[in-house]
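The values are calculated or read from the model by the stated rules, or taken from the named source; none is laboratory data. Being a predicted model, the structure only gives us computed values, none of them experimental. Here the Cβ positions follow ideal geometry from the backbone for every residue, glycine too, while neighbour counts run over all protein chains shown.
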């Protein structure tokens, strides 16, 4: 597997982290099956359970689109998690071992109404990817939020 050109994550002290080979392709073609119950759990905190299940059903059928890590974070309004976040570290370790990450599940926001996008599953994967390259194209299943 050819190594891609990505900047090394930076440590908390602002020094470059040790250089490790990064696979050319970080992402699986399809989300893991366990991502959908995780998305349902999160979405049920944002909308009622019936609507959450309907959104997850639509996410399962959505085609995969690619968006930059930096754009996913900006559209969601979520902060970049630090390198020492346990889930970010776990996902970066997967990348170093050559394991591909699962695409993320997104409910599109509505910028003109001030509604941010919802990362229903995959926030830590987006942050891990951003630490490798803010311009990383991340595969997403994305749907509109109207039901």
Worksheet, complete the sentence: In the range 78-93, residues that are surrounded by 12 or more Cβ atoms within 10 Å (Cβ to Cβ) and in a loop (DSSP other than H, G, I, E, B) total 6
Worksheet, complete the sentence: Out of (1) in contact with a helix residue (DSSP H, G or I) (Cβ under 9 Å, 6 or more places away or on another chain); (2) modelled with pLDDT of 95 or more; (3) surrounded by fewer than 17 Cβ atoms within 10 Å (Cβ to Cβ); (4) under 20 Å from residue 35 (Cα atoms), the one residue 121 does not meet is (3)
Worksheet entry | Subset of the range 49-75 (residues that are farther than 22 Å from residue 32 by Cα and either touching a helix residue (DSSP H, G or I) at 6+ places or on another chain (Cβ under 9 Å) or part of a loop (DSSP other than H, G, I, E, B) (or both)) | 70, 75
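Restricting to the range 24-48, name every residue that is within 13 Å of residue 137 (Cα to Cα) and part of a loop (DSSP other than H, G, I, E, B). Steps first, answer last, please.
First, the residues of the range 24-48 that are within 13 Å of residue 137 (Cα to Cα): 24-29.
Within the range 24-48, 24, 25, 26, 28, 29 meet the criteria.
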